[in-house]
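A short write-up of the structure that comes next.
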Amino acid sequence: MLQVAIIGAGFSGLACAGQLRRHGHRAVLFDKGRGPGGRASSRREGDESLDLGAQYFSVRDAAFAAEVDRWEAAGVATPWPPSSYRVDASGAWHEEGDDQHRYCGTPRMSAITRHLAAPHELFAATRVTRLTDRLDGWWLEDPQGDSYGPFDRVVVTAPAAQAEPLLRPHDEALAKACREIRMLPCWSAWVRFDTALTLEGIDADWPVVRFDQGPLRLAVRQNRKPGREHQSETLSLLAQDEWSQRHLEDDAEDVASRLTAALQKALATRLPTGSSLPQITASGAHRWRYATADLTLAAPDHRLGEDGLALAGDGLRGGRIEDAWLSGVHVAEALHRTATDA
Ligand SMILES: Cc1cc2nc3c(=O)[nH]c(=O)nc-3n(C[C@H](O)[C@H](O)[C@H](O)COP(=O)(O)OP(=O)(O)OC[C@H]3O[C@@H](n4cnc5c(N)ncnc54)[C@H](O)[C@@H]3O)c2cc1C
């Protein structure tokens, strides 16, 4: 039985922990966040919640599809959105549909990661700042100087830029792999209105609209997600990559008001004649410095180092939740093989 430390309790770390556990190994998760979820985390206010990072996810791989079926059976994932709109550069609206299966967490994205984390040991609010290789195995240190160990293996699933400094002192090949992954930032704002946002000529239940042009990339209606129909009208507003990059160091409040202004402009032709957006009752923005993997590595979707270190995460595969989950499962399988081959 291996003792494995996993840095990061996002989809890849949790998938890795689950697969290791299935093979009888002990996996212990560490995350600097207050809970599991990583880039699929949600914000809660009273009984209302909104997704700050990933809004929903697509399913292509058969093994991932089987896993999502289990999440659906557990009541933490539901097919969504049923359709979406796209606004092209000329401002014309198009209703879009395809045969791609998409899901969101119920009643919030973090419900899935909490469900996955439940059986595991998790040290939340624990930032790992250093790894040390001692005679009895690997030890992890946090900023308070507390140490955790010993572990036979350490899997790092943090976004590449955060994984690199942990790996560099011990494994140059893994650190180099991290430097080859390019992550793009994303500003994710949200705005709450006092009444429903009705748009002329558009279904009253419209769930999602993508924009081909402008600061905004995507607007998602949180109160149209399954299990959140009771919530007030709240939209998450995701900025385009290039805009996020240019405004990365801006103040969050300023970003929220700029993206709300961009929404008003983008919806102008659909707002009831002469009217503006409903009254705003709350707004905010979250800066994701490492949101999506733009440049990923060639296969395999994980790396094993020389001395028991390993690297996994969406950046090694493709930048989506499915990629993160598959990378986590595959690194666990590879670690299991090292134990059984020994
Ligand atoms: C705004 C946004 C929109 C997105 N939209 C979509 C979408 O529509 N569809 C889709 O499929 N995907 C989407 N994604 C991408 C998706 O969220 C990611 O692919 C997936 O969540 C990555 O999972 P992961 O486990 O690899 O990494 P993460 O979720 O980033 O998990 C890594 C974890 O490591 C932790 N960590 C980092 N450093 C340390 C440290 N030193 N010590 C301890 N813990 C540490 C972090 O706190 C984090 O929880 C989106 C992401 C963002 C940000």
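Since every read-out is calculated from the coordinates, none of them should be taken as a lab result. All figures in this text were calculated on a predicted structure; none of them were measured in a lab. Every residue, glycine among them, receives a Cβ derived from its backbone with ideal geometry; neighbour counts consider all protein chains shown.
The figures follow:
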quantity	calculated
Ranked by how many other beta carbons lie within 10 Å on average, peptides 233-244, 134-145 from highest	233-244, 134-145
Peptides 250-261, 307-318, 7-18 ordered by average Cβ neighbours within 10 Å, highest first	7-18, 307-318, 250-261
Proximal charge balance of Glu233 [Cβ under 13 Å; K/R count +1, D/E count -1]	+1
Linear extension gain, Glu172 paired with Thr273, 0.36 nm per residue minus alpha-carbon span	30.3 nm
Ala89/Ala62 FRET efficiency (R0 35 Å; Cβ-Cβ; nearest 0.05)	0.40
Translational diffusion coefficient (Stokes-Einstein; Kirkwood radius from C-alpha pairs) of region 284-337 at 37 °C, 0.692 mPa s, in µm²/s	277
Extension reserve of the Glu242-Asp146 stretch, reckoned as 0.36 nm per residue once the Cα distance is removed	30.6 nm
Largest-first principal axis extents of the Cα set of region 184-292 (Å)	35, 31, 23
Unit Cα scatterers, Debye sum, the chain: log10 I(q)/I(0) for q = 0.06, 0.09, 0.16 Å⁻¹	-0.23, -0.50, -1.36
Taking only Cα atoms of region 63-208, radius of gyration then Dmax in Å	21.9, 69
Relative contact order %, region 152-208, counting alpha carbon pairs below 8 Å whose residues are six or more apart	23
Extension reserve of the Thr195-Arg102 stretch, reckoned as 0.36 nm per residue once the Cα distance is removed	30.7 nm
Amide H within-cut-off set for Arg102, under 5 Å, with H built and near neighbours excluded	Trp80
Under 5 Å, built H, 5+ apart or other chain: amide partners of Leu218	Phe211, Leu238
Net charge of neighbours whose Cβ lies under 13 Å from the Cβ of Asp301, counting Lys and Arg as +1 and Asp and Glu as -1	-2
Relative contact order [Cα under 8 Å, 6+ residues apart], the chain, whole percent	22
Nearest-20 debye value, the chain charge dipole, Cβ charges on Lys, Arg, Asp, Glu	280
Inter-label distance for Asp203 and Leu135, nm, one decimal - labels placed 7 Å from Cα along Cα-to-Cβ	6.7
